[in-house]
1. Can you list residue pairs whose Cβ atoms sit under 7 Å apart, with the first residue in region 1-17 being of a type in the set (D, E, K, R) and the second being assigned to a helix (DSSP H, G or I)? Count only pairs 6 or more apart in sequence or on different chains.
2. When region 11-67 is examined, which residues are found to be acidic (Asp, Glu) and at pLDDT 95 or above?
3. In region 74-89, which residues are within 22 Å of Gln14 (Cα to Cα), at pLDDT below 75 and open to solvent by less than 80 Å² (accessible area, probe 1.4 Å)?
4. Mind checking which residues of region 28-52 are assigned to a helix (DSSP H, G or I) and surrounded by 16 or more Cβ atoms within 10 Å (Cβ to Cβ)?
5. Which residues, counting only those in region 42-59, are without any contact (Cβ under 8 Å) to a residue 12 or more places away in the chain and not hydrophobic (A, V, I, L, M, F, W, C)?
6. May I ask you to list pairs of residues, at least six apart or on different chains, whose Cβ atoms are under 9 Å apart, with the first in region 95-107 being touching a residue at least 40 places away in the same chain (Cβ under 8 Å) and under 19 Å from Arg52 (Cβ atoms) and the second being of a type in the set (Val, Ile, Thr) and part of a helix (DSSP H, G or I)?
7. Here are Pro128, Pro110, Pro92: which of them is under 15 Å from Arg52 (Cβ atoms), modelled with pLDDT under 95 and not hydroxyl-bearing (Ser, Thr, Tyr)?
Amino acid sequence: MVSSDVRKRFAHYQLTQKMTTGHEPTNAVVVRRAVLHAKKHDLFVSLRESLRHRRQPVQEEDSDPDGLFGEVPARRTARGSVKDSRQQSFRPSSRELAVIDALASAYAFPNRSDFLNSALDAFLPPLPEAARRRGTGQA
């Protein structure tokens, strides 16, 4: 599962690559490139931290400088919120899947989807302005 924004950027990246190189990368290739990009730039810790802050935004009222309550990593921040995500299929090799799962576990991501969504979000370029407007129904 990846966010709707990442899914749109994923498809746009594939189309752009096809127009540029004449070859559209498979879904598994795009995922592999995203993970390799995150590893090359040592992004896993910052991606995990960013995910944690998105899930549990800190406000001034939450200030606990003495650590009285400690950290609650899995606390819901919105009552009844619906995750804005879509399924993105890919067919990794068993070795690729083992590496992805090992990295997600080693860097304490809650699950494979959150790990891959974060890596893809860091790797994929933003949509051009015209494509963003089309995606929101604006002309």
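1. Here the result reads Lys8/Gly135, each pair linking region 1-17 to a residue that is assigned to a helix (DSSP H, G or I).
2. Correct list: Glu24, Asp42.
3. Ser85
4. Residues of region 28-52 that are assigned to a helix (DSSP H, G or I), as a first pass: 28-40, 44-52.
Once the filter is applied, which keeps residues that are assigned to a helix (DSSP H, G or I) and surrounded by 16 or more Cβ atoms within 10 Å (Cβ to Cβ), region 28-52 yields Val30, Val31, Arg32, Arg33, Ala34, Val35, Ala38, Phe44, Leu47, Arg48, Leu51, Arg52.
5. Result: Asp42, Ser46, Glu49, His53, Arg54, Gln59.
6. Taking only residues 6 or more apart or on different chains, the pairs are Leu103/Val35; Tyr107/Val45.
7. On the way: Pro128 fails: under 15 Å from Arg52 (Cβ atoms); Pro92 fails: under 15 Å from Arg52 (Cβ atoms).
Sole residue among the options that is under 15 Å from Arg52 (Cβ atoms), modelled with pLDDT under 95 and not hydroxyl-bearing (Ser, Thr, Tyr): Pro110.
The values are calculated or read from the model by the stated rules, or taken from the named source; none is laboratory data. Keep in mind the model is a prediction, meaning the values are calculated, not measured. FYI the Cβ positions are ideal-geometry reconstructions off the backbone, even for glycines, and counts take in every protein chain you see. Surface areas here come from the heavy atoms of the whole protein model, side chains and all, with no ligands, DNA or RNA. Shrake-Rupley method; radii C 1.70, N 1.55, O 1.52, S 1.80 Å.
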